[in-house]
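A short worksheet on the structure shown next.
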Amino acid sequence: MAAKLVGSITAISESGDLISDISHDQLADAPRDEKTTITCDEHRTLGVYPADHQQPEMTYVAVLGQSGFLELCIVGESAAAFLGIRPGAKVEISW
């Protein structure tokens with residue numbers, strides 16, 4: 001059975017990560033692999049990773065951030081500056 005969550009970007013961290021209003025608890029049933037698609041603005045990534053992921057530089061990833069919410073990051077870069085995404089942008093997660 002397909003599932004979908006919709007939220008938005010509420011803040012930008014000091015390093016430029018995009019912090020959503022989708023909590024870890026809301027993602028409890030979401031697969032952590034490529035079955036999960038995360039879309040923000042027109043940018044898409046697959047999978048949800050822990051905060052201590054080992055993805056390579058310049059990879060666009062969705063992580064279970066230390067904030068307690070889903071965060072969208074570009075490893076080693078400011079996602080906000082690189083992608084031009086600001087607070088209020090819609091985030092959709094489906095699996």
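Some notes on this structure:
- Evaluation of Val91 against (1) free of Cβ contacts under 8 Å to residues at least 24 places away in the same chain; (2) open to solvent by less than 60 Å² (accessible area, probe 1.4 Å); (3) in a strand (DSSP E or B) (one fails), failing number: (1)
- Residues in the stretch 20-41 that are of a type in the set (A, V, I, L, M, F, W, C) and either assigned to a loop (DSSP other than H, G, I, E, B) or open to solvent by 30 Å² or more (accessible area, probe 1.4 Å) (or both): Ala28, Ala30.
- Within the stretch 46-70, considering residues that are touching a Ser or Thr at 6+ places or on another chain (Cβ under 8 Å) and hydrophobic (A, V, I, L, M, F, W, C), the one farthest from Trp95 (Cα to Cα): Phe69
- Arg44 being open to solvent by 50 Å² or more (accessible area, probe 1.4 Å) and in a strand (DSSP E or B): yes
- When residues of the stretch 60-85 are limited to those that are over 16 Å from Ile22 (Cβ atoms) and in contact with a strand residue (DSSP E or B) (Cβ under 7 Å, 6 or more places away or on another chain), the one most open to solvent (accessible area, probe 1.4 Å): Phe82
The values are calculated or read from the model by the stated rules, or taken from the named source; none is laboratory data. What you see is a predicted model, and the numbers here were worked out from it, not measured in a lab. Here the Cβ is made from the backbone with ideal geometry for all residues, glycine too, and neighbour counts use every protein chain on show. For the accessible areas, the whole protein counts, side chains as well, though only heavy atoms, and no ligand, DNA or RNA atoms are used. Shrake-Rupley method; radii C 1.70, N 1.55, O 1.52, S 1.80 Å.
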